[in-house]
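Step one of this worksheet: look at the structure below.
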Amino acid sequence: MNERAVMLNRLAQGLCPLDLGVEWYESLDAVEQSEVLRDLAEFCIQARALTEDGPESISRAGIRPTHTPAVLIVRGRLAEQLTKIVNLPRNERVKAFRLLIALLGVADERRRARYCADGCTHAWHRSAPPAHAPAPSSEGGGS
């Protein structure tokens with residue numbers, strides 16, 4: 001797994017504070033920010049995210065339900081909506097980033113509980129606590 005994937009998974013699993021992740025994301029250039037959003041959308045699909053995860057993801061992301069990414073995530077046809085979110089203008093990117101991190105977290109928690117509770121070979125689960133254990137309250141950056 002590359003450094004970016006590690007950082008995104010640490011953020012989604014609550015092993016790294018979201019505010020630190022936002023700071024990291026904002027430090028990236030426009031091309032890298034787009035790549036991160038594409039990676040996150042792909043990770044969400046791989047984690048079997050559902051449209052029904054939208055409301056919880058919006059809440060965790062700390063964005064308003066009226067923000068463009070939030071409106072899109074609950075509309076159905078998740079893969080199509082993720083493509084739209086990834087392609088939002090620059091002024092929507094931080095909200096999109098926060099939302100996709102939260103969506104990945106919600107989907108990954110469900111997947112861990114269903115498929116990984118007795119152990120798994122997913123590289124992104126190796127440094128994380130089990131789903132039933134509380135995540136550490138603070139931990140240093142992931143780069």
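With every protein chain kept in place and ligands, DNA and RNA left out, what is the accessible area per residue of segment 1-115? Probe 1.4 Å, answer in Å². I get 48 Å² per residue for this part. Working note: Karplus 6.51/-1.76/1.60 with θ = phi - 60° gives segment 83-88 the couplings 4, 5, 4, 4, 9, 5 Hz, where Gly and Pro are set to x. In terms of Cα atoms, the Rg and Dmax of segment 13-67 work out to 12.4, 32 Å. Cα-based values for segment 1-95, radius of gyration first and Dmax second, are 12.6, 35 Å.
The values are calculated or read from the model by the stated rules, or taken from the named source; none is laboratory data. Keep in mind it's a predicted model, so treat the numbers as computed, not measured. Keep in mind that these areas ignore ligands, DNA and RNA; they rest on the heavy atoms of the full protein, side chains included. Shrake-Rupley method; radii C 1.70, N 1.55, O 1.52, S 1.80 Å.
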